[in-house]
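**Student:** First, the structure itself, so that you have it in front of you.
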Amino acid sequence: MRKETIDFDVLKPHAAGIDVGSRSHYAAIGQRSEDLREFGVYNEDLLALAQWFLDNGIKTVAMESTGTYWQSLYTTLVSAGFEVVLCNARFLKNSRGKKTDVKDARWIQKMHTIGMTRGSFLPDLATEQLRTYCRHRTNLLEHSANTTRKMQKYLRLLNLRLDVVVNDITGLTGIAIIDAICNGETNAEKLASFRNGNCKKSAEEIAKALQTNHRKDFLFALQHEYQLYLNFQTKMKECDIEIEKLLNEQINSDDEKRQHFLDKKIHKRTNKNTPKNIDLNLLSYQYFEGVDLLAIEGVSHSTVLALMSEVGQGIHKFESAKQFASWLRLAPNNKVSGGKILSNKIPKGSNRLKIALRNAANAIGNLKDTSLSNFFKRIAFRKGRVSAISATARKLGVIIWNMVVKKIPYNPISAYEFLDQKRKRKVQEMKKLIHKFDITPNDLGLQL
């Protein structure tokens, strides 16, 4: 019996595939044994791989986004003039059987040749540099929070219950008292005198909480953690300087961005972990060419900074708000079979922008009588707070895309308009029910 085969159209005849690894890369320019080679990960090996592609007339390359091993290779290939498609490994799964690097490279080349590969979103170089600074600052912030917890632990072991009398031990009052403790001060009244005027507790109550047991080992550990905390704070300030410098360079190099100006928002609270000495209100307004994202209730400076560093101007690459919400993994992944929806869960996985939008949505849920908070509460009443956070985060993503891409200013729906829209929606729902069940006016007891 003759074996039948299915031929696919070759959409990219000059295509190559690369299986990226930590110690070596397997590159395939065809399906024959002589069309596959193994290259190392050193710079001279990457240049040799690019030259091999050039010698064989390769124009486009597909590669997996494996960890961070792909980045140097990606830069080398782009510099050599190739069209590089960075693919998510989950969309390039090979057929069942033994898995090898050779088979993976050939499979990627085959899929890319017939046009079955999809590229991942990649920001531009300026956004990537800003992302590096912001992510490094976030890591420093996490390390700083870890040292804060350890300082609180050693203070408690020293019987210095600073956490009881102040809300934040790294606030103005707390830091002043910890600094004095680390410098050898043990007198409770003297320590209480460092109380800031904004502290709610009295100096007498603070003095009662600062009766130490004079353990030298705990004091030694507290001093080290305090020095680490100060060091992380210093490094964060250095990151803030670099972030401001990079943003100013991008804005000053573009006349369209530089011409915009916006007054400060006094009502927007600035978190103590927000980059210092950076007017993100003005910089974001200029960066997005006259789009005021901070006009959205619940959106903070950290949310805007996450958008600028994770996506930046690359948000224009998304053709619709639905695509942007899908990339954020905030849109339901509907699985339909036989005309029925089998599953409509939100896909797993979180990027930093999705986390920032969910944090903003959680803050919106605590607001009162706003357009987004009313939407949040309606969803929370029916499906719970977790679902409401995801739904509101998706709504924020749609609003941001429309504001940045389509230049639509944020105009929250008033209470009267909301009631009018609710009436229209109910009328549409009743029309569908009447049509579905073929209801007549007589069935409803209406006299026309």
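**Student:** With a 1.4 Å probe and all protein chains left in place, how much of the accessible area of the chain comes from carbon and sulfur atoms, in whole percent?
**Tutor:** 51 percent
**Student:** A follow-up question, please. Report the longest stretch of the chain that contains none of the chymotrypsin sites (Phe, Trp or Tyr not before Pro) sitting in a DSSP loop with at most 15 other Cβ atoms within 10 Å.
**Tutor:** 262-448
**Student:** Ok, one more. Does region 180-274 come out rounded, prolate or oblate, given a ≥ b ≥ c as the square roots of the eigenvalues of its C-alpha gyration tensor, rounded meaning a/c under 1.5 and, failing that, prolate meaning a/b above b/c?
**Tutor:** Oblate.
**Student:** Run the reach check for Lys340 against lysines, Cα to Cα strictly under 24 Å, same-chain hits fewer than 8 apart removed. What comes back?
**Tutor:** Lys322, Lys348, Lys383, Lys431, Lys432, Lys436
**Student:** Mind checking which lysines have their C-alpha under 16 Å from Lys264, skipping anything on the same chain fewer than 8 residues away?
**Tutor:** Lys264 reaches Lys276.
**Student:** In Å², what does the accessible area per residue of the chain work out to with a 1.4 Å probe?
**Tutor:** 61 Å²
**Student:** Stick to Cα atoms and the Kirkwood definition of Rh, then tell me Rg/Rh for region 263-382.
**Tutor:** 1.02
**Student:** Remind me, relative contact order of region 62-115 in percent, using alpha carbon pairs under 8 angstrom and six or more residues apart?
**Tutor:** Rounded, it is 41 percent for region 62-115.
**Student:** Using the Cα centre as the reference, give the magnitude of the dipole from point charges on the C-beta atoms of region 128-229 (Lys, Arg: +1; Asp, Glu: -1; all else neutral), rounded to the nearest 20 debye.
**Tutor:** 200 debye
**Student:** Starting from the Cα-Cα distance between Arg149 and Leu125, subtract it from 0.36 nm times their residue separation and give me the gain in nm to one decimal.
**Tutor:** 5.0 nm
**Student:** Between region 171-199 and region 16-77, how many Å separate their Cα centres?
**Tutor:** One Cα centre to the other: 60 Å.
**Student:** Given only helices, namely DSSP H runs of n ≥ 4 each adding -39500 (n - 2.57), what is the per-residue ellipticity at 222 nm of the chain, to the nearest 500 deg cm²/dmol?
**Tutor:** Taken over the chain, the calculation gives -16500 deg cm²/dmol.
**Student:** Quick one: which of Lys200/Lys235; Lys265/Lys422; Lys395/Lys422; Lys235/Lys272; Lys265/Lys395 span more than 21 angstrom between C-alpha atoms?
**Tutor:** Cα-Cα > 21 Å for Lys200/Lys235; Lys265/Lys422; Lys265/Lys395; rest within.
**Student:** If you only keep lysine pairs separated by 8 or more in sequence, or across chains, how many in region 64-195 come under 29 Å at the Cα atoms?
**Tutor:** Lysine pairs, 8 or more places apart or on different chains, close enough: 6.
**Student:** Along its three principal axes, how long is region 330-426 when you only count alpha carbons? Whole Å, largest extent first please.
**Tutor:** 41, 36, 29
**Student:** Which value, in Å² and to the nearest 10, is the accessible area of Cys182 when all protein chains are kept and the probe is 1.4 Å?
**Tutor:** So the heavy atoms of Cys182 present about 20 Å² to solvent.
**Student:** With loop defined by DSSP as not H, G, I, E or B, and exposure as at most 12 other Cβ atoms within 10 Å, which is the longest segment of the chain clear of exposed GluC sites (Glu not before Pro)?
**Tutor:** It works out to 5-318.
The values are calculated or read from the model by the stated rules, or taken from the named source; none is laboratory data. None of these values were measured; they are calculated from a predicted model. With ideal geometry, Cβ positions are generated from the backbone for all residues, glycine too; neighbour counts draw on all protein chains shown. All accessible areas refer to the heavy atoms of the entire protein, side chains included, with ligands and DNA or RNA removed. Shrake-Rupley method; radii C 1.70, N 1.55, O 1.52, S 1.80 Å.
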